[in-house]
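For reference, the structure is listed below as structure tokens.
The values are calculated or read from the model by the stated rules, or taken from the named source; none is laboratory data. These figures come from a predicted structure and were not determined experimentally. Reconstructed Cβ throughout: ideal geometry from the backbone, glycine too, with neighbour counts over all protein chains shown.
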Amino acid sequence: MGKRLSRVQTIAVGFLLVIAAGTLLLMLPIASKSGESAGFFPAFFTAVSSACVTGLVVVDTYAGWTLFGQAVILLLIQIGGLGFITIGVFFSTFLKRRIGLKERNLIQESINTLQIGGTVRLVRKVVCYTAVIEGAGALLFMIRFIPLFGFWKGVWYGVFHSVSAFCNAGFDLMGAFEPYASLTPFYDDVLVNVTAMALIVIGGIGFIVWDDISRNKWRVRKYLLHTKIVLAMTAALIFGGALCFFLFERGNLLAGMDAKGCVLSSLFGSVTARTAGFNTLDTASYTEATRFLNVVLMFIGGSPGSTAGGVKTTTMAVVLLYVWANLRSQSGLGVFGRRLDEDSIKKASTVFFINLLLASASVLLMCALEPKIGISDILMEVFSAIGTVGISTGITREVTLASKCVLILLMYCGRLGSMSFALAFMEKKQGSRVKLPVERITIG
């Protein structure tokens, strides 16, 4: 079977198997706080959302699942965040098994490395860095959670939220305060906000960037072009998004807050919208402008080879640069003293269009299926699903079964990558050597 499947198909099937295993475990009575099986669909939806590191839920994670169920969700988040290929290869190297060319190709496809050489070394770095960063995040969270919830519960909460934040999953256990509370009880808590934002950003910039920074440290000039674009776009989106969030909400949710609360809420609202899924303010009360801002940020998402979703920062950068170059009638696409190759431009345009087309079609379908729900709620839900974000105005558990199935498909496509999802069903054919005659058409 493995010989007949392409790299993309192998990853697609692998994710389905992980989701199937998670569904079966969550269906066990021991996973549900009711003491009875949660049923197929709630377990399936939760498994998909966990493995695809999204965070949309039909059952509150704290109120609905036992410690066993929460542990299953956390394991799915970790596998989904790093990729089962990465984890599998790491354990293979740990057991001193030989990693062949096929496995190296799978690693390259799974974490979007630029070249096949050094992939095994990169996997070791990824897993080790992840353990260190998640461990540090857990310790920082414990400082706040242990006094609130007691030692063992505080430790568990620290670990759970650190992994969830680093993997950009958005699952939380704050239903202990009230169902679906997310991090709203800590909207002005510096420690919780800064720790969560740091984990989200580090997890979302990508493994290639980690490796580049670890090798070159502060020698920015030696960074790869990929790293420079990712860091520049990430900074622009975080601070630009925070400024817009503040302007749109200063007369609404931020009204009456002190300076600290406004700054933290604005920054957190900008950071979390790019695939993390936590929230410190009531998303259902966002202004229409803020909702659209969230849709834009969710569509862009994180960076390639990371725990985040979306079309990715590099895709958006290439599309914007390409449009700008065409408006100025420039030949070639240059940035940071380098010229981008044509394949990067073609792939960026394809990814952008496929995601936008899929999201638009899903919005139309859900509008037809849910006539009583406003279009801004549906827009946020759809772009949250395809961007593997998890931010919702609260309609996830209210929509029909058909709409939930649409969300499941979007979450799966978003984690696998919509272009990869399409390629999984297409057989690559050798291009014809005969080219058709050229004829011009009018554009614009």
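Quick notes on this one:
- Across the stretch 207-222, the qualifying residues are those that are surrounded by 11 or more Cβ atoms within 10 Å (Cβ to Cβ) and farther than 17 Å from F336 by Cβ, and the one among them that is nearest to the chain's Cα centre (by Cα) is F207.
- Sole residue being surrounded by 18 or more Cβ atoms within 10 Å (Cβ to Cβ), out of contact with any strand residue (DSSP E or B) (no Cβ under 8 Å at 6 or more places or on another chain) and farther than 24 Å from V406 by Cα, chosen from S329, S303, S362: S303
- Of all residues making up the stretch 298-325, the number that are in contact (Cβ under 8 Å) with a residue 12 or more places away in the chain and within 19 Å of F353 (Cβ to Cβ): 18
- All of (1) surrounded by fewer than 17 Cβ atoms within 10 Å (Cβ to Cβ); (2) at pLDDT 85 or above; (3) of a type outside the set (S, T, Y) hold for R144 with one exception: (1).
- For C262: the one exception among (1) at pLDDT 90 or above; (2) under 27 Å from V53 (Cα atoms): (2)
Yes/no matrix, rows are residues, columns are (1) touching a Leu at 6+ places or on another chain (Cβ under 9 Å); (2) small (G, A, S):
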| site | (1), (2) |
| --- | --- |
| G337 | yes, yes |
| S344 | yes, yes |
| S349 | no, yes |
| L365 | no, no |
| P371 | no, no |
| I386 | yes, no |
| V399 | yes, no |
| L407 | yes, no |
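- Failed item, numbered, when F268 is tested on (1) surrounded by fewer than 22 Cβ atoms within 10 Å (Cβ to Cβ); (2) aromatic (F, W, Y); (3) part of a helix (DSSP H, G or I): (1)
- When the stretch 239-253 is limited to residues that are touching a helix residue (DSSP H, G or I) at 6+ places or on another chain (Cβ under 9 Å) and assigned to a loop (DSSP other than H, G, I, E, B), the one that is surrounded by the most Cβ atoms within 10 Å (Cβ to Cβ) turns out to be L253.
- Yes/no for V311 being modelled with pLDDT of 95 or more and buried (at least 17 other Cβ atoms within 10 Å of the Cβ): no
- When the stretch 341-387 is filtered for residues that are aliphatic (A, V, I, L, M), out of contact with any helix residue (DSSP H, G or I) (no Cβ under 7 Å at 6 or more places or on another chain) and under 20 Å from A317 (Cβ atoms), only L356 remains.
- The lone exception for E178 - which of (1) in a helix (DSSP H, G or I); (2) more than 23 Å from T388 (Cβ to Cβ); (3) out of contact with any Leu (no Cβ under 9 Å at 6 or more places or on another chain) it fails: (1)
- For the stretch 187-213, the set of residues classified as at pLDDT 85 or above, of a type in the set (G, A, S) and farther than 19 Å from F145 by Cα consists of G203, G204, listed by residue number.
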